[in-house]
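To keep things clear, I will list the structure first and then write my remarks on it.
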Amino acid sequence: MFSAVTRQRLLEYAYLMRLHKPIGTLLLLWPTLWALWIAGQGKPDPLVVAVFVAGVVLMRSAGCVINDYADRHIDPHVTRTRERPIAAGRVSPRAALILFVVLCLLALALVLLMNRLTIWLSLVGVFLAASYPFAKRFTHWPQVYLGAAFGWAVPMAFAAQTGSLPREAWLLFVATVLWATAYDTMYAMVDREDDIKIGVKSTAILFGEADRAIIAVVQILLLLALLLAGAAAGLGGYYDFGLLLAAALAIYQQYLIRAREPQACFRAFLNNNWFGAAVFGGILLDYLAHLPT
């Protein structure tokens with residue numbers, strides 16, 4: 001169907017979008033699902049769910065593309081990133097920008113199926129996603145910026161499902177910002193030495209020897225925000241059990257990063273997929289337990 005050259009080009013685009021590494025999509029998807037199920041009181045609109053799941057894949061892919069475009073002069077100097085398609089010269093910066101625009105337009109087409117409030121909020125989401133990759137040049141807090149970019153799906157989900165932005169929407173947004181700050185600091189700990197050499201900023205560099213303690217505080221605040229969001233939404237015991245599992249996973253992550261060994265820090269970052277799943281499992285079970293018989 002496609003020539004060998006076309007197939008190879010499509011494969012490089014897939015690598016550029018990180019389709020072979022779904023962890024970023026999952027970390028964006030979990031807060032979106034938390035918000036959709038709470039906003040829909042356990043029965044979210046199937047169209048809204050489909051739009052947001054597809055939107056998560058598209059916008060995470062777009063974020064990866066614009067990130068690699070922004071870092072095209074940095075990635076060749078970092079061991080972990082030097083083989084990325086733009087850094088290795090397999091995809092041109094111009095082609096990457098075109099791909100970014102196409103992905104954003106596809107996401108916009110999906111959002112146009114939603115209400116006006118969701119459409120307006122989506123403009124903020126696109127700005128956050130497009131500007132995040134440049135934050136590391138100006139601030140030591142790009143992890144917080146990432147949290148805002150990922151977390152913006154939460155108020156959008158409430159807007160699409162309910163047409164409003166209740167208190168629990170903003171509590172879940174704050175929780176997502178805190179969560180991303182914690183796990184992306186773990187991720188930044190992997191590249192800390194390379195980032196110091198090339199002058200890239202991160203919370204891992206800013207926190208220094210206090211990194212583990214600050215991550216622990218952020219995780220505690222994250223669990224508190226999730227607890228308050230659950231209370232505002234009227235969730236009960238099953239949700240609380242999900243938070244207990246999430247707390248146990250946070251403790252395990254602290255164990256993994258105890259020696260700041262890069263591979264162990266990366267494993268702690270990956271473990272956050274299960275944290276998000278535990279919270280969603282609690283939400284899902286709580287609503288299922290209260291469905292009318």
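Highlighted here are the helices (runs of 4 or more DSSP H) found entirely within region 165-216 that include at least 3 residues which are without any contact (Cβ under 8 Å) to a residue 60 or more places away in the chain and closer than 30 Å to Ile283 by Cα: 167-190.
Residues that are free of Cβ contacts under 8 Å to residues at least 60 places away in the same chain and surrounded by fewer than 16 Cβ atoms within 10 Å (Cβ to Cβ) within region 10-52 comprise Leu10, Leu11, Ala14, Leu19, His20, Lys21, Pro22, Pro46, Ala50, listed in sequence order.
When the test is whether a residue is within 17 Å of Ile214 (Cα to Cα), part of a helix (DSSP H, G or I) and either at pLDDT below 95 or over 14 Å from the mean Cα position of the chain (by Cα) (or both), Met156 does not pass it.
Tallying residues that are under 20 Å from Ala35 (Cβ atoms), in a helix (DSSP H, G or I) and aliphatic (A, V, I, L, M) within region 235-277 yields 4. Filtering region 105-134 to residues that are under 16 Å from the mean Cα position of the chain (by Cα) and either over 19 Å from Val49 (Cβ atoms) or not in a helix (DSSP H, G or I) (or both) leaves Val124, Val126, Phe127, Leu128, Ala129, Ala130, Ser131, Tyr132, Pro133.
Could you list all residues from region 78-100 that are surrounded by 15 or more Cβ atoms within 10 Å (Cβ to Cβ) and assigned to a helix (DSSP H, G or I)?
Restricting attention to region 78-100, the residues satisfying the condition of being surrounded by 15 or more Cβ atoms within 10 Å (Cβ to Cβ) are 78, 81, 84-87, 90-91, 95-96, 99-100.
Ala95, Ala96, Leu99, Phe100, listed by residue number.
Anything in region 79-133 that is among the hydroxyl-bearing types (Ser, Thr, Tyr) and within 25 Å of Asp195 (Cα to Cα)? List them, or say none.
Step one: of region 79-133, the residues among the hydroxyl-bearing types (Ser, Thr, Tyr) are 79, 81, 92, 118, 122, 131-132.
Within region 79-133, Thr79, Thr81, Ser92, Ser131, Tyr132 meet the criteria.
Has region 57-64 got any residue that is of a type outside the set (Phe, Trp, Tyr), within 30 Å of Glu193 (Cα to Cα), in a helix (DSSP H, G or I) and touching an Asp or Glu at 6+ places or on another chain (Cβ under 9 Å)? Before you say what the answer is, go through the steps one by one.
Step one: filter region 57-64 for residues of a type outside the set (Phe, Trp, Tyr), giving 57-64.
The next check asks that each one be within 30 Å of Glu193 (Cα to Cα); those that pass are 59-64.
Those still in the list that are in a helix (DSSP H, G or I) too: 59-64.
Narrowing the set further to residues that are touching an Asp or Glu at 6+ places or on another chain (Cβ under 9 Å) leaves none.
No, every residue in region 57-64 fails to be of a type outside the set (Phe, Trp, Tyr), within 30 Å of Glu193 (Cα to Cα), in a helix (DSSP H, G or I) and touching an Asp or Glu at 6+ places or on another chain (Cβ under 9 Å).
Total residues in region 9-52 satisfying the condition of being outside any loop (DSSP other than H, G, I, E, B), within 30 Å of His290 (Cβ to Cβ) and not hydroxyl-bearing (Ser, Thr, Tyr): the figure is 20. The selection criterion, being within 23 Å of Glu168 (Cα to Cα), in a helix (DSSP H, G or I) and among the aliphatic types (A, V, I, L, M), holds for Leu288. Scanning region 101-132 for residues that are of a type in the set (Gly, Ala, Ser) and surrounded by fewer than 20 Cβ atoms within 10 Å (Cβ to Cβ) yields a count of 3.
Between Ala204, Ala231, Ala264, the distinction of being among the small types (Gly, Ala, Ser), in contact with a helix residue (DSSP H, G or I) (Cβ under 7 Å, 6 or more places away or on another chain), modelled with pLDDT of 95 or more and surrounded by 14 or more Cβ atoms within 10 Å (Cβ to Cβ) belongs to Ala264 only. Report yes if Ala248 is surrounded by 15 or more Cβ atoms within 10 Å (Cβ to Cβ), within 22 Å of Leu26 (Cβ to Cβ), of a type in the set (Gly, Ala, Ser) and free of Cβ contacts under 8 Å to residues at least 24 places away in the same chain, otherwise no. Against the criterion (surrounded by 15 or more Cβ atoms within 10 Å (Cβ to Cβ), within 22 Å of Leu26 (Cβ to Cβ), of a type in the set (Gly, Ala, Ser) and free of Cβ contacts under 8 Å to residues at least 24 places away in the same chain), Ala248 does not qualify.
Within region 83-121, the residues that satisfy the criterion of being closer than 28 Å to Ala159 by Cβ, among the β-branched types (Val, Ile, Thr) and touching a residue at least 40 places away in the same chain (Cβ under 8 Å) are Val111, Thr118.
The values are calculated or read from the model by the stated rules, or taken from the named source; none is laboratory data. Just so it is clear, the model here is predicted, and its values are computed rather than measured. Ideal geometry is used to build each Cβ from the backbone, glycine not excepted, and the neighbour counts take in all protein chains shown.
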